[in-house]
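> Pasting a structure here, questions to come.
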Amino acid sequence: MSKRRADLAPESKAAGKQRLTMSDEEAAANEVLLDEMLGGLSESEQNQAVHSVVHGVQTVSDEFLDAHIMLAGLADETEVIAPPEPPELPELSMGELPAELTEDALTTGVELDLSRISITAAQARRMAPLICSNGDLNIIKFAEHELMIGELREEDELEWDSEEYTDIEAIFIAEYVKHTTVLKRLDLARNQIGDDGAFALAAAVSVNPTIEYLNLESNNLSGTGAQPHHVLNDEEHLSAFARGHCG
C-alpha cells in the first residue's frame with residue numbers, strides 16, 4: 001500500500017493541540033485508505049478505530065498524517081490479548097478401584113450405590129472418568145446423601161451448599177465440570193470439601209471457560225500455596241483459584 005500524505009495547516013491552537021485541515025481531494029484519499037483498513041471489522045470495532053484515528057490527528061506534532069500513523073492507532077485499539085496459560089497441575093496419586101466395584105458397575109446403569117463402600121481420594125480419581133462416561137447415570141447414593149448426576153449434566157446453575165459433600169463427591173463433580181458446556185454457576189459452600197476436592201475442581205476450572213462462578217466458602221481448604229479465593233465469580237478469581245490449588 002502506498003503512503004499518502006495530507007499536508008495539514010494549523011488554524012488555531014487549543015489546550016496544546018493543533019486543529020488540522022486538508023483539501024477535499026486529500027480528505028477523499030484518506031477516506032478511501034481508512035475504508036480499506038476497516039473493511040474486515042465489525043461496526044463497534046470501526047467506531048473504535050475511527051476514534052483512534054481522530055485522536056491521532058489531534059495529537060500528531062508533524063505537518064502530515066500518513067497511513068503508518070493511522071495503522072499504528074488502529075492496532076492499539078484492536079490488539080487481541082491471548083488468554084492465560086492453564087496452570088501446571090500437581091502429580092496426584094491414582095488408586096485402584098475398590099474391591100467391591102468393577103468397571104462395568106461404574107459405566108452402566110442409571111443408579112450407583114456407594115453407601116456401603118469406603119473410598120479414598122486416590123480411588124475416586126480412578127473412578128471419576130468411568131462414572132462420567134456413563135451417559136445413563138442419574139444418581140449416586142452415599143451413606144448420608146445423594147449426588148444428582150442428571151442435574152449436574154443438564155442444569156446451568158446448581159445450589160449444592162450444605163449437602164455434606166466431601167472430597168469424593170467433589171472429585172466426581174469436577175470430572176463433569178471439565179466437560180460441561182451447560183453448567184455456569186456452582187455453589188458448593190458449607191460442605192466438607194478439603195484440598196483433594198479443591199485440586200480436582202481447580203483442574204476442571206482451568207480447562208473449562210464455561211464456568212463463571214464457583215463458591216467454596218466454609219469448606220475445609222488448607223489454603224496452601226496461594227491464598228484461595230473461595231468465591232470465584234470472574235475470570236481473574238477463577239484463574240487465581242486454579243493457580244493457588246494447582247500451581
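> Being loosely packed, with under 15 Cβ neighbours inside 10 Å and under 25 Å from the mean Cα position of the chain (by Cα) narrows it down to one of 164, 169, 157, so name that one. Give the steps one after another, and end with the answer.
Working: 164 fails: under 25 Å from the mean Cα position of the chain (by Cα); 169 fails: loosely packed, with under 15 Cβ neighbours inside 10 Å.
None of the other options fit; the residue is 157.
> While we're looking at this one, here's another question. Count, please, the residues in the stretch 189-211 that happen to be in contact with a Leu (Cβ under 8 Å, 6 or more places away or on another chain), closer than 17 Å to residue 158 by Cβ and surrounded by fewer than 23 Cβ atoms within 10 Å (Cβ to Cβ).
3
> I would also like to ask the following. What residue, of 181, 224, is surrounded by fewer than 20 Cβ atoms within 10 Å (Cβ to Cβ), at pLDDT below 90 and among the β-branched types (Val, Ile, Thr)? Spell out how you get there, then give the answer.
On the way: 181 fails: at pLDDT below 90.
Of 181, 224, the one residue that is surrounded by fewer than 20 Cβ atoms within 10 Å (Cβ to Cβ), at pLDDT below 90 and among the β-branched types (Val, Ile, Thr) is 224.
The values are calculated or read from the model by the stated rules, or taken from the named source; none is laboratory data. Keep in mind it's a predicted model, so treat the numbers as computed, not measured. So basically every Cβ, Gly included, is an ideal-geometry build from the backbone, and we count neighbours across all protein chains shown.
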